[in-house]
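The structure under discussion appears below in the form of structure tokens.
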Amino acid sequence: MAEINNLIAGATGNWEIVLGLEVHAQVASTAKLFSGAATEFGAEPNSQVSLVDAAMPGMLPVINWFCVEQAVRTGLGLKAQINNYSVFDRKNYFYPDLPQGYQISQFQQPIVGEGAIEIDLDDGVVKEIGIERLHLEQDAGKSLHDQHPDMSFVDLNRSGVALMEIVSQPDMRSAAEAQAYVKKLRAILRYLGTCDGNMEQGSLRADVNVSVRKPGDELGTRCEIKNVNSIRFIGQAIEYEARRQIDLIEDGGTVEQQTRLFDPKTGETRAMRSKEEAHDYRYFPDPDLLPLEFSQDFVDEIAESLPELPDDKKARFINDYGLTPYDAGVLVGEAENAAFFEVAAEGRDAKAVANMVIGSVFAGLNKADLAIADSPVSAAQVGQLVDLIADDTVSGRTAKEVFELMFEEGPDQGKDPSVIVEEKGLKQVTDTGAIEGAVDEVIAANPDKVAQAQERPKMAGWFVGQVMQATGGKANPQAVNKLVMQKLGLDEA
Amino acid sequence: MADLTELNLAEARDGLAKKEFSAVELAEAHMTRVSASSALNAYVLATPEKAMEMAAESDKKIASGEARPLEGLPIGVKDLFCTKGVRTTACSNILGDFIPPYESTVTQNLWNDGAVMLGKLNNDEFAMGSSNETSRFGAVVNPWKANGTELVPGGSSGGSSAAVAARLGIAATATDTGGSIRQPAAFTGTVGLKPTYGRCSRWGIVAFASSLDQAGPITQTVRDAAMMLTSMASFDKRDTTSVERDVPDYEAALTGDIKGLRVGIPQEYRVDNMPAEIEKLWQQGIDWLKAAGAEIVDVSLPHTKYALPAYYIIAPAEASSNLARYDGVRYGARQDGVDIDDMYAQTRAAGFGDEVKRRVMIGTYALSAGYYDAYYVKALQVRRLIAEDFTKAYEVCDVLLTPTTPSAAFPIGKNVEDPLEMYLNDVFTVTVNLAGLPGISIPAGLDADGLPLGLQLIGKAFGEEELLRAAQVLEEAAGFDAQPQDWWSA
Amino acid sequence: MSVDENMVRRIANLARIGLTDDDVPGLAKELSAILGFVDQLSELDTQGVKPLTSAAEDKIRGRDDVVTDGGYAEDVLANAPEKDDEYFAVPKVVE
Ligand SMILES: [Mg+2]
Ligand SMILES: [Zn+2]
């Protein structure tokens, strides 16, 4: 059982962590949910604010229908119930970056109901995480607390930006599962194009609900860690918070239901100072907005336009290309990566292509901090390079070198691998005569090693290495191997 | 030249068209009267420069033959309508000296049609009240007096009703959430029209209760009301509760012919302790309409008595949320506090008057955990029953006739100590808001003290043409031509 | 339903309306009277009646996803009681 691994030890025995996530995903819209102001990141303070966003007297919300479409699209991607009738409610509370004194959200009747996604865990295990709901709501503005000794500053550029709040069931049992969940959710959103998933810019952030219990016990009291904005921090926050709760209980204390903040500097969570007992949001249907209604045709049309999603793509990669689940999982992480692979693999040995894409392309991009769209080596070139290995023009080792040369030269050079092989004289030597000479030389120069090799046939590898070195790596390794064995009088078993 | 302030809207329009006087002269005549009327406290801000500028522009349009429907007609604007560059306060301290960088749709429509703005009119703070005594600028005094006593002009559009009654503007904009156009019209001998919910855009009007608020005119005559509504009404993409329907020429609907019109008389409006005079007036109204060829039908609106209690949950609940934006952060009068929550609490304590606080607190309570179903949801269920009462009644009639108010105007200060007594003023008007229907109050007679009394006609949703047609017949039959004695001009 | 003084304070806190101790008893009485009046609604059997939130007759209308508004920070900030450059300024909030 995978869950056993997730238990964490305390002084009084093992504990289980129970996690549920509320992810706020910014809809990839150009205008806000209820106003025509822009959503672009990084604008001058208060420059993307309409009178509606600033809650001037008499201002009224008008819904951006594109955002409704994106919520439905996301709901379909989460294989969830789509509610053709939903209601916008007001969530009432006071905060300086909440201009209306309420957030327009959906409470009792959200646009999307229950669904599920599958997460991929490191050991190849797949686990289903339930989705409780998805609803549309407005983002708040931004408060800056560190600009002035006794003032906070408010920028309303984000005020009114459309968010999809995606609420999971409390189905996760470890930080790794929570992280895998966010990664998978982000992949789905990106595939769908409904959210750019950019966590640094706040387009995707998670409220993490953490509780602990002894295995088999009732659910413990949970704490909600607000607005955690990186996958790494989600892991840290959970580890810290679970340990804090366990220590607290084991020291005879009780966990208080709280809203907490994660401090990336210290890696700790702390209780927010706002008074919890005052929270009574007084939800009620927003009288400025009629119920959100759409036809089944509207939903069906969106359903027809859905792309292939990560899980389906992964299954296809395993079935059609014969990839391992791990490689397939890595390749489908981003739609662009998968597409790159498919172009490169067209008509070729897909496993070899997958190896090169994962081992060379992704590694290179990672190191250079480049997006796949900016890859200096095109998918077609990767394919050509694999072809050069397949027809014995270059060895795998040389291919790596060729790849690096192409990568360094960048996309402007546009040199195909065959050109580079030609220019640099990297063509593999398959001429047996030339290789034979090199083998003879090495054998002649190392009589002691020859004796050893005849005792321990594994030593043959050493000769192969020497020959490869002597030929500048251009000799065909299979041919070298065969000749070395022959000359040493070893069986080619 | 006759006193230009004696003219109604249609007369002034015709006089301007015939060039008997200029728009500037017309505006000046009214501005002069406005500036001498401080005893009434109807205006909270006069805008003479703006009036003169707009009137001069109107004269140009008239001269060039480009007169628009309300060209050069001077009107007052309730301080609930946001007016670009002109202080707008909803008569609440909390808005401080708020200057909107925008113009409400309704007033913009009026200016687009050539109307001239005289200034901003007093109202109950955030339109919460039935006497115009809760304004930050103090009470409005009714131009009508009984035995020398100063009376309220009704509320919340008391500045609008007083101004029209005292000829401080030929017409005025107003808003009606539970009777705030019709009740003050009844108290001042003027015509007050509350259109169907969604007929006029709410964009740019300070919200009280979003699902009930509706703008409309207060005027001297039914024809004037029709002229005003034709301009004020529009489909507005910025208010998704405004309705996508063409605006008819309401004046053209005033044919004077109501033969065969079925007029329903709801028996439940015969309340206990109804003054005999009102009972009598109501009967007179029935007779007038019958004489004009209407068919009188008895109908039942069984849930009428629950309208007021339902209203006093729904309106405060919405208001408690609508008024949350007045927090001293982005506009309005801020009070210092030791921290942010204290700043809010001090700002709202100092900024809101007692009646607003009461309603915000009732609304907060009704929406809070544990009370939501018992109060808020219950009130919304009752609201549906009330709306269905009307639907059923309209199966057998076309319009309804009722008194507008259970009494004539009362003395200033009389009901201030007793909010509940004050709320009862809306007993005949509030059902209309809950059901979203149009209603109009017509001055129909005087009581024993010589004070005006109103009759109310209620129409079907978007049945304003039929409603106005019937109202004009009633107006004609009543022949109400009394005017308050001018005691206030300084 | 009558409202006691604790409830008055609780509601006032939710509504962010500062009260003095002197305000409380009077408000408790007034709010209780209003709720007492409202309580007659409980006479009515409303089982199964669908709540009516709005009398609006249309269905919700939407807009297209185009930028049509904003870009006037000066107007947005013009009425601010306190500002610092392009920001609204409020007493420091401690989270
Ligand atoms: Mg949350
Ligand atoms: Zn949320």
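The values are calculated or read from the model by the stated rules, or taken from the named source; none is laboratory data. Bear in mind that the values here come from a model prediction, so they are computed numbers and not experimental data. Cβ placement follows ideal geometry from the backbone for every residue including glycine, while neighbour counts extend to all protein chains displayed. In case anyone asks, the SASA skips ligands and DNA or RNA and just uses the protein heavy atoms, side chains included. Shrake-Rupley method; radii C 1.70, N 1.55, O 1.52, S 1.80 Å.
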Out of A:Asn446, A:Asn366, A:Asn355, I need the residue that is at negative phi and surrounded by fewer than 14 Cβ atoms within 10 Å (Cβ to Cβ). Which one? A:Asn366
Filtering the range A:209-224 down to residues that are of a type in the set (Lys, Arg) and more than 15 Å from ligand 1 (Cβ to nearest atom), which residue is most open to solvent (accessible area, probe 1.4 Å)? A:Lys214
For the range A:113-159, which residues satisfy the criterion of being within 16 Å of ligand 1 (Cβ to nearest atom), hydrophobic (A, V, I, L, M, F, W, C) and over 15 Å from A:Asp53 (Cα atoms)? A:Ile131, A:Leu134, A:Leu136
Is it the case that the range B:367-375 has a residue that's farther than 18 Å from B:Gly158 by Cα and crowded, with 24+ Cβ neighbours inside 10 Å? yes
(1) away from chain C (no Cβ under 14 Å); (2) not in a helix (DSSP H, G or I): which one isn't true of A:Ser143, the others all being true? (1)
Of all residues in the range A:88-143 being within 16 Å of ligand 2 (Cβ to nearest atom) and among the aliphatic types (A, V, I, L, M), which is nearest to the chain's Cα centre (by Cα)? A:Ile131
May I ask you to verify whether A:Asn227 is within 14 Å of chain C (Cβ to nearest Cβ), within 16 Å of ligand 2 (Cβ to nearest atom) and surrounded by fewer than 23 Cβ atoms within 10 Å (Cβ to Cβ)? yes
Please tell me if B:Lys378 is part of a helix (DSSP H, G or I), open to solvent by less than 40 Å² (accessible area, probe 1.4 Å) and in contact with a Pro (Cβ under 9 Å, 6 or more places away or on another chain). yes
Could you list, in sequence order, the residues of the range C:29-38 that are within 7 Å of chain B (Cβ to nearest Cβ) and either farther than 17 Å from B:Val427 by Cα or in contact (Cβ under 8 Å) with a residue 40 or more places away in the chain (or both)? C:Glu30, C:Leu31, C:Ala33
Which pairs have Cβ atoms under 8 Å, sit 6 or more apart or on different chains, and link a residue in the range A:69-89 that is in contact (Cβ under 8 Å) with a residue 40 or more places away in the chain to one that is among the acidic types (Asp, Glu)? A:Ala80/A:Glu114; A:Asn84/A:Glu293; A:Tyr85/A:Glu293; A:Phe88/A:Asp286; A:Asp89/A:Asp286
Condition check: of a type in the set (Phe, Trp, Tyr) and either facing chain C (nearest Cβ under 7 Å) or in a loop (DSSP other than H, G, I, E, B) (or both). Does B:Tyr344 satisfy that? yes
Can you name the residue in the range A:153-180 that is small (Gly, Ala, Ser) and in a strand (DSSP E or B) and is also nearest to ligand 2 (Cβ to nearest atom) among such residues? A:Ala162
If the Cβ limit is 6 Å and pairs must be 6+ apart or interchain, which residue in the range A:151-171 that is β-branched (Val, Ile, Thr) pairs with which residue that is within 14 Å of ligand 2 (Cβ to nearest atom) and open to solvent by less than 10 Å² (accessible area, probe 1.4 Å)? A:Ile166/A:Val23; A:Ile166/A:Leu134
If you scan the range A:98-107, which residues turn out to be within 14 Å of chain B (Cβ to nearest Cβ) and within 16 Å of ligand 1 (Cβ to nearest atom)? A:Leu98, A:Tyr102, A:Gln103, A:Ile104, A:Ser105, A:Phe107
Filter result (more than 16 Å from ligand 2 (Cβ to nearest atom), surrounded by fewer than 19 Cβ atoms within 10 Å (Cβ to Cβ) and more than 10 Å from chain C (Cβ to nearest Cβ)) within the range A:19-39: none
Unique residue being within 14 Å of chain C (Cβ to nearest Cβ) and open to solvent by 10 Å² or more (accessible area, probe 1.4 Å) when the list is B:Ile94, B:Ile99: B:Ile99
Helices (runs of 4 or more DSSP H) wholly inside the range A:421-493 that include at least 1 residues being aromatic (Phe, Trp, Tyr): A:460-470
Residue by residue through the range B:311-335, note down the ones that are out of contact with any Pro (no Cβ under 8 Å at 6 or more places or on another chain) and surrounded by fewer than 24 Cβ atoms within 10 Å (Cβ to Cβ). B:Gln335
Is at least one residue of the range A:201-208 open to solvent by 20 Å² or more (accessible area, probe 1.4 Å), away from ligand 1 (no atom under 16 Å from the Cβ) and away from chain C (no Cβ under 14 Å)? yes
Residue check: is A:Gly414 over 30 Å from A:Lys487 (Cβ atoms) and modelled with pLDDT of 85 or more? no
Kindly establish whether A:Ala187 is open to solvent by 20 Å² or more (accessible area, probe 1.4 Å), away from ligand 1 (no atom under 16 Å from the Cβ) and either part of a strand (DSSP E or B) or over 22 Å from A:Asn46 (Cβ atoms) (or both). no
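Rundown of residues vs (1) open to solvent by less than 30 Å² (accessible area, probe 1.4 Å); (2) over 17 Å from B:Tyr371 (Cα atoms), yes/no style:
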residue: C:Ala12; (1), (2): yes, no
residue: C:Asp21; (1), (2): no, yes
residue: C:Pro51; (1), (2): no, no
residue: C:Ala73; (1), (2): yes, yes
residue: C:Glu86; (1), (2): no, yes
Before we move on, is A:Ala176 away from chain B (no Cβ under 14 Å), among the hydrophobic types (A, V, I, L, M, F, W, C), more than 16 Å from ligand 1 (Cβ to nearest atom) and open to solvent by less than 50 Å² (accessible area, probe 1.4 Å)? no
Just checking, which of A:Pro110, A:Pro170 is within 16 Å of ligand 1 (Cβ to nearest atom), open to solvent by 10 Å² or more (accessible area, probe 1.4 Å) and over 20 Å from A:Asp89 (Cβ atoms)? A:Pro170
Quick one: how many residues across the range C:39-76 are without any contact (Cβ under 8 Å) to a residue 24 or more places away in the chain and either closer than 23 Å to B:Glu388 by Cβ or at the interface with chain B (Cβ under 7 Å from one of its Cβ atoms) (or both)? 23
Does the range B:363-386 contain at least one residue that is acidic (Asp, Glu) and more than 28 Å from the chain's Cα centre (by Cα)? yes
